[in-house]
Amino acid sequence: MPARDAKRRLPARKPQPASTQPAHGGARRTAEGLTSGRILRPSIKFLPEDVRDHNRSLVLQTLYGASPQSRADIARLTRLTRVTVSDLVAGLITEGFVIEIGQREDSRPGKPATLLDINRGAFQIVGLDLSDDATLRGAVLDLSGTILERHQVPLGGSTGAEATAKVIALAEGLVDRTTRPILGMGVGSPGVVNLAGVVLSAPNLGWSNEPLQESLATRFGIPVIVGNDARAAVLAEHSFGVGQGDMMLVKVGHGVGSGLLLNGSLLFGSRGAAGEIGHVVVGTQGGAECACGKFGCLETWLAAPRLHARIAAARAFDERRPAPVVAEPILREAGRYLGIALAPVVAALNLSEIVLSGPGDLLAGPLVEAVSQTIRDRTMAEIHGDLTLRMSTLGDDIVIRGAAVMVLSGQLGVS
Ligand SMILES: [Zn+2]
């Protein structure tokens, strides 16, 4: 039950050193950092002591979504009283999250209103993407989600403790590159990640029950949120792309995973594995053997290394015809299998949008067309006919930016 899961909180963090930890009141966090965003709905029952944090997030979200605004604008938009807004804004200015940026030039009589904005350059966020099988990547971002600095560490086939050491080396390189106080560190990891940021299982990195969030938080003394990479990606699409509130993002890379936003809430599932569709067997006609031991898992049809290998083999066999012509039936077949896997999900959840993220040479074109056709063939047009299927516009940085959303959401309640 996602609703129940979403109410669970991350464990209390250790006290943070004053130099790196912003001295704010600390919005309540749920898994992967989500709190009461404007669109990402609060899944929390607010106790009286939470009200101030909630209102503080409302003020920040109002400014984050559309700034500059005056105190009176914010009061009108949030339906908080002017006194409450002034009080909260005063606190946020002291903490360094909000700045006054001048006065509104208007012709209305009386004193011109002072305009406020989020102090987007005052803090920085460290975002890590562990989803690539060859390179661990990361970036330093400002509060708008703009990438300021990049760093990467080759994975070199490392697994287990060696892989963890390389993640820490990457994080260290990024922390060294920051030039402002760090709001927090977000990490998008492959595999199943529970609500406490423990990677329960990530076969490619050789991790099982890896307490990554705790290791990084202890090592760096800053707030850290570790979540699944596809869930990070769906958050990025929602905040920085053009995503809607009922959306599934299917991430194709070394494996296949997905993140689901329903009614603006991120789904976690009972074991933190919502969206893990890669090892669902598709069809009844066998298929290739999967790393998990089954035959015909979605990953065996769709994972990027498998598709590249099949296309290369077909081209070696048929050198006369142009490469795209040789690749087309392979990509169409992969798209059809993805469509077969997605149709019941679309029907069960009445999704409005499916977004594909991954290598454009594989996904855009015949593959996405076949997904669309297959879903249309297998669902009721009058209910699901307006489903949008498209490629993500965020490219290779989608997980890094999603990791930043986890931090923004967890620390400030904005998204
Ligand atoms: Zn499998």
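The values are calculated or read from the model by the stated rules, or taken from the named source; none is laboratory data. All values derive from a computational prediction rather than experimental measurement. Counting neighbours? That spans all protein chains shown, and the Cβs are built from the backbone with ideal geometry, glycine included. Surface areas here come from the heavy atoms of the whole protein model, side chains and all, with no ligands, DNA or RNA. Shrake-Rupley method; radii C 1.70, N 1.55, O 1.52, S 1.80 Å.
Couplings for the range 80-85, taken from phi via the Karplus curve 6.51 cos²θ - 1.76 cosθ + 1.60 with θ = phi - 60°, read 8, 6, 4, 5, 4, 5 Hz in order; Gly and Pro are left as x. Over the chain, Cα pairs under 8 Å with separation of 6+ residues give a relative contact order of 19 percent. If the viscosity is 0.692 mPa s and the temperature 37 °C, what translational diffusion coefficient in µm²/s does Stokes-Einstein give for the chain when Rh comes from Kirkwood over Cα pairs? The diffusion coefficient I find is 147 µm²/s. Against the chain, whose longest principal axis is taken from its Cα atoms, helix 51-65 shows a tilt of about 70°. Taking amide H positions as modeled 1.01 Å from N, with prolines and chain starts lacking one, the residues under 5 Å from Met391 and 5 or more places away or on another chain are Leu356.
Could you state, as a whole-number percent, how many of the C-alpha pairs of the range 169-285 are farther apart than 24 Å? Counting every Cα pair in the range 169-285, those more than 24 Å apart make up 32 percent. Please list, in chain and number order, the residues 5+ apart from Gln69 or on another chain whose amide H is under 5 Å from its amide H, with Hs placed from the backbone. Residues meeting the criterion, in which the H sits 1.01 Å from N, are Leu116. For the range 80-198, averaging the sequence separation of C-alpha pairs within contact (under 8 Å, six or more residues apart) and dividing by the residue count gives a relative contact order of 23 percent. How large, in percent, is the carbon and sulfur part of the accessible surface of the chain at a probe radius of 1.4 Å? Exposed carbon and sulfur together represent 53 percent of the surface.
Under 5 Å between amide hydrogens, built in the peptide plane, is the criterion, and for Val193 it picks out Leu200, Asn228 among residues at least 5 positions away or on other chains. Sorted on the mean count of surrounding Cβ atoms within 10 Å across their residues, most packed first, peptides 258-266, 289-297, 369-377 read 258-266, 369-377, 289-297.
The phi-based Karplus calculation (6.51 cos²θ - 1.76 cosθ + 1.60; θ = phi - 60°) puts the 3J(HN,Hα) values of the range 222-234 at 10, x, 10, 10, 9, x, 5, 5, 6, 5, 4, 4, 5 Hz, whole numbers, x for Gly and Pro. For the range 80-239, the calculated P(r), taken from all Cα-Cα distances in 5 Å bins from zero up to the bin holding the longest distance, is 2, 8, 15, 18, 16, 12, 8, 7, 6, 4, 3, 1, 1, 0 percent. Note that the range 296-304 has calculated 3J(HN,Hα) couplings of x, 4, 3, 4, 5, 8, 10, 4, 4 Hz, one per residue in order, obtained from phi through the Karplus relation 6.51 cos²θ - 1.76 cosθ + 1.60 (θ = phi - 60°); glycine and proline are x. As an equivalent ellipsoid, the range 332-415 spans semi-axes of 27, 18, 9 angstrom, where each value is the square root of five times an eigenvalue of the C-alpha gyration tensor, largest first. Taking 0.36 nm per residue of separation and subtracting the current Cα-Cα distance, fully stretching the chain between Thr159 and Ala323 would add 55.5 nm. Computed with every protein chain present, the accessible area of His308 is close to 80 Å² [probe 1.4 Å].
Packing here is the average count of other Cβ atoms within 10 Å per residue, and on that basis the peptides 154-161, 214-221, highest first, run 214-221, 154-161.
Pairwise Cα separations in the range 371-415 fall into 10 Å bins from 0 onward with the following percentages, short to long: 23, 26, 24, 25, 2. With all protein chains kept in place, the per residue accessible area of the chain amounts to 43 square angstrom at a probe of 1.4 angstrom.
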